[in-house]
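The values are calculated or read from the model by the stated rules, or taken from the named source; none is laboratory data. Remember, predicted model here, so these are calculated numbers, not experimental data. Quick reminder, even Gly has a Cβ in these numbers, built from the backbone with ideal geometry, and neighbours come from all protein chains shown.
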Amino acid sequence: MKTAVEELSPTRVRLSVEVSFEELKPSLDKAYREVSQQVRIPGFRPGRVPPQVIDMRVGRGAVLSEAVNDALPELYSKAVQEAEVFTLGQPDVDITQLEDGKELTFTAEVEVRPKFELPDLSGLSVTVENAEVTPDDVEEYLSSLRERFASLKTAQRPAEDGDYVTIDLSASVDGEPIEDAQASGLSYEIGSGTMLEGLDEALAGMSAGDSSTFTSELAGGDAAGQQADVTVTVQSVKVKELPELDDDFAQLASEFDTLGELRADTRGQLERVKRLRQATQARDRAVDALVDSVDIPLPEKYVEHEMEHARESVDNQLAQVGMPLADYLESREQTEEEFNAELLEQSQRAVKVGFILDEVSRTEELSVNQAELSYFVADQAQRIGVGPEVLARQLSESGQLGAAVTEVLRGKAATLVAERVKVTDEAGRDVDVKAEIEALNSDVDGMLAAQAAAEGEGDIDVDDLSVDVAGTIESEAETDETPADEAAADTTDEA
């Protein structure tokens, strides 16, 4: 077989392939066997019809076409490997010559991954937030913790901003009560602004038993949008009491005996959170810096496919919450044209990011092992609320394990980029992303080990999945974007 490559554009090529008739013989023999099983000819049992009889009754041309259809996927795959191109999507195949006993020639036009050079990562720089924890950060966290353990106490005084009141509401329009705008026993925090406009002003200074009427636009119900007279009656006024910040509170709100221990643990937790945020920022901003530094031509059909996938994702999410697209666009103050333009821009960016991270994976010879893929599957399963074994089986049966491998590889590539670029915080200090990630992983491993020991479960084995994916990892790392055996089907009608 001979293959010639013609570059039609930076993202599209034409493969011209010549195949000797001898190379078609295995597929031709297979076609005769299959036709022999299907035809019913007097005097011959199914599967025992000689080729010459099939040629007379069915026609040599039909068998030859069947043989070419059978051979084309493998021939196309070999041509792609021989040409050393990374194909994207399905090819447009055209058979240019098909004569009995002579060579088969065909062309295949297909989009390909564009060629580009990665810049020196050490020459890129990004800035991330500071990760230091201040005393104010600790106090802010402890204040929010006190809020969770606050209690309400009845106050014998007029209501003030921040108080909690129990109220009755009654609305009427032109003197007629609105049936679906009557409520009693509602709890409301004055100043929160979460109910009717004007309610906060009406409640200020009212005591238990007082009533007041104000005008407001109704937000829901049959009279939504209409101006109504709203009467509010206060049943009770309560104030929030926060527990004292002492050892007793530490024992109430945590597993610690003293406030000092609680403060120290709070500081440690906040440091881990800020280090994680900093590492995540470094990764995201490093990838953005790399993507912005590279100019890549993008294959149109591949971008269109990505855009269709993004649109389907939005449609599915809207369907789950029962929201029409028109309402969604109205909530975002967008026209459909603006929405589609935004999707196109996002899709172009996603394709470009994928190409660049894939190139990082290739040049750095990154790979995915069983434990990494198992961890990814377990994490995704937890996010969607299914068992890891169930998701692993679904991915395997639907042929999506390759996509999972790609996601893991791209994640590793993004982390490597963050480790290679120069990262500084807002204070100008160098940030060692690799060391931060290792420290965070160590913290997680320690917490998991402590949790397992406390629960008496022993070590956690992320490899304990019912579907073995080790073989898939090895094969998927070397395949093109689209399996070649799915391409070039039923193309001989044009011959």
Reported set for segment 1-15 where residues are touching a helix residue (DSSP H, G or I) at 6+ places or on another chain (Cβ under 9 Å) and among the small types (Gly, Ala, Ser) is Ala4
Checking Thr233, Thr213 in turn, the sole residue that is surrounded by 14 or more Cβ atoms within 10 Å (Cβ to Cβ) and not in a helix (DSSP H, G or I) turns out to be Thr233
Of the residues in segment 369-389 that are of a type in the set (A, V, I, L, M, F, W, C) and surrounded by fewer than 15 Cβ atoms within 10 Å (Cβ to Cβ), the one that is farthest from Ser293 (Cα to Cα) is Val386
So for segment 216-225 (the condition being among the hydrophobic types (A, V, I, L, M, F, W, C) and at pLDDT 90 or above), does at least one residue qualify? no
Q) Would segment 147-166 turn up any residue that is assigned by TED's automatic domain parsing to the domain that holds Tyr188, aromatic (Phe, Trp, Tyr) and outside any loop (DSSP other than H, G, I, E, B)? A) yes
Restricted to segment 341-363 and to residues being among the β-branched types (Val, Ile, Thr) and surrounded by fewer than 18 Cβ atoms within 10 Å (Cβ to Cβ), the residue modelled with the lowest pLDDT is Thr363
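Pull up segment 311-340, narrow it to residues that are charged (D, E, K, R) and part of a loop (DSSP other than H, G, I, E, B), then point me to the one that is surrounded by the most Cβ atoms within 10 Å (Cβ to Cβ).
Arg332
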Checked against (1) surrounded by 15 or more Cβ atoms within 10 Å (Cβ to Cβ); (2) in contact with a Leu (Cβ under 9 Å, 6 or more places away or on another chain); (3) part of a helix (DSSP H, G or I), Leu366 satisfies every condition except (3)
Heads up, the helices (runs of 4 or more DSSP H) in segment 392-495 (entirely inside) with at least 3 residues that are modelled with pLDDT of 55 or more and within 30 Å of Pro73 (Cα to Cα) are 401-420
From the option list Leu104, Leu118, Leu98, Leu28, single residue qualifying as closer than 30 Å to Glu359 by Cα and of a type outside the set (Val, Ile, Thr) is Leu118
Reported set for segment 192-206 where residues are assigned to a loop (DSSP other than H, G, I, E, B) and surrounded by 14 or more Cβ atoms within 10 Å (Cβ to Cβ) is Met195, Leu196, Gly198, Ala204, Met206
